[in-house]
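Here's the structure we're looking at; comments come further down.
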Amino acid sequence: MKELLTVRNLSKGKILKAISFELREGEMVAVMGPSGSGKSTLLYNVSGMDRADGGEVRFDGTEIVGLSEDEKARLRLHKMGFVFQQMNVLANLNLIDNIVLPAMHAMKNRKRELHERARALMDDFGIGDLAERRVNEVSGGQLQRACICRSLMMEPEIIFADEPTGALNRSAAADVIETFLKINRKGTTVLMVTHDGKNAAVCDRILYLLDGEIRGELKLGKHTHDDAKEREIRTLRWLEEMGW
Amino acid sequence: MVNRRLLINDFKANRLVTASTSIFMAASALLLGLSILLFGTLTSAIDSLMAKALTPDFIQMHTGTIDEERIARFSEKRSDVEALQISRFLNLQNSQVSVGGTSLVDSTQDNGLSVQSPLFDFLIDLDNEAVHPAPGEVYVPVAYIREYGLKVGDLMRIGSETLTIAGFIRDSQMNAMMASSKRFLVSEADYERFKPLGSEEYLIEFRLAEGSDVNAFATAYEDAGLPGNGPTITRTLIMMMNALSDGMMILVILLVSVVVLFISMLSIRYMILTRLEKDKREIGLLKAVGIARREIRGLYFSKYLLLSAVGGLVGIGAAMLIAKPLGAQIRDLYGDGGNMGPIYALMILGALVVEGIILLSVYRTLGRMERMSAVQALYGRGDFGKRKNLYLPIGIITAAAVFMILVPWNIGSTLASPEFVTYMGVGGNSRIRIDIRQTDRIGATAHAVVEELERDERVLDHAVMQTGSYRSELPDGSSYNLLIEQGDHERFPVRYIEGGYPRHAGEIALSVLNASELDLRIGDPIRVFIDVGTDRPVSVPFTVSGIYSDVTNGGKTAKISPTGLDDRTPIMWSIIYVALADERLIDEWIEEYRRIDDAIKAVDIADYIDGLYGQTIRTIRKTAILTVIAASAILFVVLLLLLRLVIWRERSDNSLKKALGFTTREIKKTYLKKTLAYLLPGMAVGILLGLLPGQSLVGAFIGLMGAHGFRFIIDPIGVFATIPLVIAAAAMAATLIGLEEVGRIHAYECLGPQSGDY
């Protein structure tokens, strides 16, 4: 598998200190660490939402730290997908319009095709009958799955997820994680920031961040439903060792 | 203490909104204060001049013989007459007069000499004294100081004689350039000396007891068959003419102040609503911890109270500063009004009312916060009413700004247009007007000029009008003296409000004032007595064919086409309208015709308008330009503010869009499109408002001076190109600067806690 994202000596103020790691195509990696350790900042910087102070971020062969804001925006639109904890959506649009919004922007005049794709994704993730609902008429889990649909519309190479289950109850969270696994199995790379060891345990690897540095890494390998319990126990022990 | 800290922190955190709010409050107070101050200065100056000069209530101008005893007997019999005075006015030929080295040949005024009145209608010097010149001295109308750059000690020449300018006078009757005569004050001896050089007119003047009905008196005067060979003028008309030139500017400022008050209220309201939306959680918190709703409202209100106090004071101060230069012309012409105390009090009251109106609207808007429960507010759920469309005020304010600019602009272009004279009772389409007066041989002179005109190949068209004073009779037997102009009224028509010009013998057109005074409508009958050289004049039946707008000769005139009778009624004056094939020749042509006879007064209509309205036009133009600047500035500020509010409000959406891959330019483009979608219709609505209701508004005011059926004469380049371009430029500048804010929104903001100030 080729390297999709390579990070070298990435620094941002006092939050990130010379961080280096890489992500290979098709991997699903979790970033964990206590509050204030720099997890979210890492995510913003490797996805080009924020401008790093130093270091190098190479995405799919392109060095992105030096790109202009517009170039980074293009990259996010066409090659990256995002899922946020707050489930940011535009309140005055219904669910399906929110899902197609960025894709419509990238591919004008293909409204029907995009709507079809959105409906297929929604069906796939069990929210097919909510397409016309307003965003305040669906549950948190449903909304987050809609956000995941949105992130997939452009068939991105990577999905960045920032605490995607942070605002959800246990069962909704489980649905969302299941959705990520499904995506990943189809080949999309996932980098997920999470607080929840159980969520992290489904990932191929876990990076542990503390005071702006990567302090440890746990390799779990590809997830199968059979070894779920065992992975969870390994993860929790490792986290305990890291001082979680 | 806590409140004060809250206030100060709030001001610091929201500099733009705080500054804009106080600017709006100051501007509203400034403009209303300014209009009150100027209006007060003008009316009190005119009042005090008229009081000092003892302006007559009724004046009958008369040329020809006069039986003073008959007038005196009439006057004694009437209980409403307080005083009678017959003043003389020695009308000079402008070509014979020069002041300070400048000939008056181009003057459109009737310039003449007078002596100081004995009883009333005094001519007042700049020290407010009725002055008595010594032989060899002359006092010159104050309006000429600027017009001809005069100073005391300059010389005035009449024919080959000279007089020394000993000072300047204010003439309560004829001060305004719009009054078409000017009196130069000389000694009795000089008056007699110059008598052979001019023709004498009489001003038969009455002071009436307070509360008398001037119209009833005028009718009684006419019914008594007393001398009436000339226009009648009333005190009201004099006041109107005096008030008009600067009054127009004040009217415009007043109008602008109303528009600005409206814009201010609208803008402040939107700022508050946006603010409340932003503070939703804080308000919820205050409610949750048990602070009474009224107290929370009071907390917010105290901020606006403070801003309005500051704004009001700044506005009043600025109004007093600006009123000085703007009122300079008023003080030059009419002197100081004396006690300004009540006017200042009125101005302060006006500012208080303006601030009160704004604060009331603020208080009502703040009431919105009471609609939401603490829990709703805390969780940012509820809304303060429907979420406001912030683009709508952009459209409305653009319309208001354009309207505000268009009114003075259109007044200016209308007054300056050659067509405007048709409202004044002067024939349209002509470029030259020749007046033949003050000669025993008006008919013969006119005849000579006409012969010359017919030979002249440069002349495209001409028409001769001869005015005489005729007795007329209504079916009920009442009789009136009418100044009737006879001639071909088709070729250089005036503005008819109803009906049309008298086409055939037996048709008569009346000026608006005459029609309303005689209570005649189109198709009504009236008889006119025409002197055909026998003992008894012939009574000829006429039907009213049209009613037209006129301000000349006190606004009371009539028109007929030639009767075909041997009309021997004396001609009082003759006017010839001329159109030239090549208008570039006007100056040269006029020069040539003036040489035919001294009694000929030939003027370029453009100069004629300039003489009457030049002053007004210049003030209006100045006001129009100031309005353009003010309106553009207001639009700029408001647009900048509203856009920043919109962007601030949609900040998290914008941040999300950026996170999802929209570029700054793309987001800006959507804003630009939306702004234009409201801006352009706003401009169109503004233009429509400026043209239609604006016209009726100004028309109503101009109607007061006798020019009826007013229509704007539009300068199309200004209205449809210059003004929209200026407004669009201001709006675009504000939009582009406002949209810079989009660039400062970061993609990651939507992920963390909401931030950003507006």
Relative to the longest principal Cα axis of chain B, at what angle does helix B:664-691 sit, 0 to 90 degrees, rounded to 10? 30 degrees
Please arrange A:242, B:174, A:1 by accessible surface area, largest first, computed with a 1.4 Å probe and ligands excluded. A:1, A:242, B:174
Percentage relative contact order, chain B, counting C-alpha pairs under 8 Å, at least six apart: 17 percent
Express in nm, to one decimal, how much length is gained between residue A:24 and residue A:2 on full extension, taking 0.36 nm for each residue of separation and deducting their alpha carbon distance. 7.4 nm
In the neighbourhood of residue B:742 defined by beta carbon distances under 15 Å, the net charge of the other residues (Lys, Arg +1; Asp, Glu -1) is +3
Go ahead and run the numbers for FRET between residue B:216 and residue B:301, Cβ-Cβ distance against an R0 of 60 Å, rounding to 0.05. 0.60
Given the whole protein assembly as supplied and a 1.4 Å probe, what does the accessible area of residue B:626 come to in Å², nearest 10? 100 Å²
Förster-model FRET efficiency, 45 Å R0, residue B:517 and residue B:336, C-beta, rounded to 0.05: 0.75
Output ³J(HN,Hα) for region B:454-459: one whole-Hz value per residue in order, computed from phi by the Karplus curve 6.51 cos²θ - 1.76 cosθ + 1.60 with θ = phi - 60°, and x for Gly and Pro. 5, 7, 6, 6, 6, 7
Work out from phi, with θ = phi - 60° and the Karplus expression 6.51 cos²θ - 1.76 cosθ + 1.60, the ³J(HN,Hα) of each residue of region B:170-186, listed in order in whole Hz, and give x for Gly and Pro. 9, 10, 4, 7, 10, 4, 5, 4, 5, 6, 8, 10, 9, 9, 9, 8, 10
Computed over chain B: longest principal axis from alpha-carbon atoms vs helix B:15-53 long axis, angle to nearest 10 degrees, is 20 degrees
What 222 nm value per residue comes from the helices of the protein assembly as shown, counting each DSSP H run with n ≥ 4 as -39,500 (n - 2.57) and dividing by all residues, nearest 500 deg cm²/dmol? -15500 deg cm²/dmol
Through the Karplus equation 6.51 cos²θ - 1.76 cosθ + 1.60, θ set to phi - 60°, convert the phi angles of region B:512-526 into ³J(HN,Hα) values in whole Hz; use x for Gly and Pro. 3, 5, 5, 4, 6, 5, 7, 6, 10, 10, 4, x, 6, x, 8
Quick one: which residues, 5 or more positions from residue A:87 or on another chain, have an amide H under 5 Å from its amide H? H modelled 1.01 Å from N in the peptide plane, none for Pro or chain starts. none
Could you tell me what % of all Cα pairs in region B:440-596 have separations over 27 Å? 28 percent
Just subtract the alpha-carbon distance of residue B:479 and residue B:262 from 0.36 nm times their residue separation and send over the number in nm, one decimal. 72.9 nm
From the P(r) of the protein assembly as shown, can you give the percent of Cα pairs sitting at distances over 44 Å? 53 percent
Given the C-alpha centroids of region A:20-86 and region B:581-626, what is the distance between them in whole angstrom? 77 Å
Kirkwood-based Rg/Rh on the Cα set of region B:157-201 evaluates to 0.97
Could you let me know the centre-to-centre spacing of region A:98-122 and region B:16-86, using Cα atoms, in angstrom? 74 Å
At q = 0.05, 0.09, 0.11 Å⁻¹, what log₁₀ I(q)/I(0) does chain B have when each alpha carbon counts as one equal point scatterer in the Debye sum? -0.35, -0.90, -1.16
Rounded to 0.05, the calculated FRET efficiency for the beta carbons of residue B:618 and residue B:722 at R₀ = 22 Å is 0.70
Taking the Cα centre of chain B as origin and charging only Cβ (+1 Lys, Arg; -1 Asp, Glu), how large is the dipole, in debye to the nearest 20? 6540 debye
Restrict the search to region B:180-252; then list the GluC sites (Glu not before Pro) that DSSP places in a loop and that have at most 15 other Cβ atoms within 10 Å of their Cβ. B:210
Could you put B:279, A:97 in order of accessible surface area, largest first, with the 1.4 Å probe and the full protein assembly present? A:97, B:279
To the nearest 10 degrees, how steep is helix B:235-278 against the longest Cα principal axis of chain B, on a 0 to 90 scale? 10 degrees
Mean projected area, convex hull of alpha-carbon positions in chain A, reported to one decimal in nm², is 12.9 nm²
Defining a contact as two alpha carbons under 8 Å apart and six or more residues distant in sequence, what relative contact order in percent does region B:440-596 show? 32 percent
Of B:83, B:402, B:59, farthest towards positive along the dipole that unit charges on Lys, Arg, Asp, Glu beta carbons give chain B: B:402
Please compute the modelled spin-label separation between residue B:160 and residue B:192, points set 7 Å along Cα→Cβ, answer in nm with one decimal. 2.2 nm
Any idea what Rg and Dmax come out to for region B:64-229 if you just take the C-alpha atoms, in Å? 16.9, 49
About its Cα centre, what dipole magnitude does the protein assembly as shown give when the only charges are +1 on Lys and Arg Cβ and -1 on Asp and Glu Cβ, stated in debye to the nearest 20? 6800 debye
Rank B:579, B:546, B:596 by how far each Cα sits towards the positive end of the charge dipole of region B:530-608 (+1 on Lys, Arg Cβ; -1 on Asp, Glu Cβ) and give me just the farthest. B:546
Which of A:45, A:136, A:199 ends up with the largest GNM mean-square fluctuation for chain A, with Cα atoms connected below 10 Å? A:136
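The values are calculated or read from the model by the stated rules, or taken from the named source; none is laboratory data. Here the structure is a predicted model, which means the values were calculated and not measured. Here Cβ is always computed from backbone atoms with ideal geometry, including for glycine, and neighbour counts include all displayed protein chains. Accessible surface is based on the protein model in full, side chains and every heavy atom, while ligands, DNA and RNA are left aside. Shrake-Rupley method; radii C 1.70, N 1.55, O 1.52, S 1.80 Å.
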